[in-house]
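Everything on this sheet refers to the single structure shown next.
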Amino acid sequence: MKLSDFIEECERVSSFTDDVNIHVLISDLKKINESQKVTVPKFISDWIFKAQLVDRRSIRSALETATIRLYAENSDEVIAWLKDISNQDTFARAWANDYTVEEEPKYTVKFKATKQYLSNDELGIHFDPSFRSNFTKSDLEKLGLGWVFDCEGMEVEKVGK
């Protein structure tokens, strides 16, 4: 049983009692659970989800390069990330316990020649001199615009997460 499952069970039981101690216990358990969470990139979260819940693999299988190549969506990224020993420890902790997913950084994209920003609104994708949208790298790739990161005529600026 994961700690988060235990917390949920305590919360279910707490609805039948007004004893303050159970509520303090739940609060303390939530703090412990949060402190034990690790943060992983989205592609690792996707692989853990697929390997555990969809394919019902063991952690040993999920760490094997051959298995990753065959079944992980972003296998090259997963393999590269898992080459780092500390990432293997993080993977094991994420596999066994709760984890959070790293937020992707967001970017604005500006066409240098016209100083117009890439926008995505009710008009769709277009360049606008005043309105700018924030995009993640995966947003831009899904729109077929991943090339903006490598184009000298485009200015890509990181604006946060």
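Modelled spin-label separation between Ser35 and Leu143, with each label point placed 7 Å from Cα along the Cα-to-Cβ direction: 4.3 nm. Given the alternatives (1) 0.98; (2) 1.21; (3) 1.13, Rg/Rh (Cα atoms, Kirkwood Rh) as computed for this entry is given by (3).
Of the chymotrypsin sites (Phe, Trp or Tyr not before Pro) in segment 1-68, the ones in a loop by DSSP (not H, G, I, E or B) with at most 12 other beta carbons within 10 Å are Phe16. Phi angles of segment 9-16 translate, via the Karplus equation with coefficients 6.51, -1.76, 1.60 and θ = phi - 60°, into HN-Hα couplings of 5, 4, 5, 4, 5, 5, 5, 9 Hz per residue; Gly and Pro are given as x. Ordering of 122-131, 138-147 by packing is 138-147, 122-131, highest average first (other Cβ atoms within 10 Å, averaged per residue). The Cα-based radius of gyration of segment 103-161, divided by its Kirkwood radius, gives an Rg/Rh of 0.93.
For segment 1-153, give the percent of accessible area contributed by carbon and sulfur heavy atoms, probe 1.4 Å, rounded to a whole number.
On segment 1-153, the fraction of accessible area on carbon and sulfur atoms equals 51 percent.
Taking all protein chains as they are arranged and a probe of 1.4 Å, the heavy atoms of Val13 leave approximately 60 Å² accessible to solvent.
Return a whole-number percent for the relative contact order of the chain, with Cα pairs under 8 Å and 6 or more residues apart as the contact set. Provide the component values of the computation, followed by the final result.
On the way: 182 pairs, mean separation 32.9, N = 161.
This gives 20 percent for the chain.
Each part reduced to its alpha carbon centroid, segment 120-161 and segment 7-48 end up 38 Å apart.
Is it possible to state the helix-based mean residue ellipticity at 222 nm for the chain, with each DSSP H run of 4+ residues giving -39500 (n - 2.57), the sum divided by total residues, to the nearest 500 deg cm²/dmol? What is it? Using -39500 (n - 2.57) per qualifying helix, the result is -13500 deg cm²/dmol.
The values are calculated or read from the model by the stated rules, or taken from the named source; none is laboratory data. Fair warning: this is a prediction, and the values are worked out from it, not measured in the lab. Glycine also receives a Cβ, built like all others from the backbone with ideal geometry; neighbour counts cover every protein chain displayed. Note: accessible area is taken over every heavy atom of the protein model, side chains too, but ligands, DNA and RNA are not part of it. Shrake-Rupley method; radii C 1.70, N 1.55, O 1.52, S 1.80 Å.
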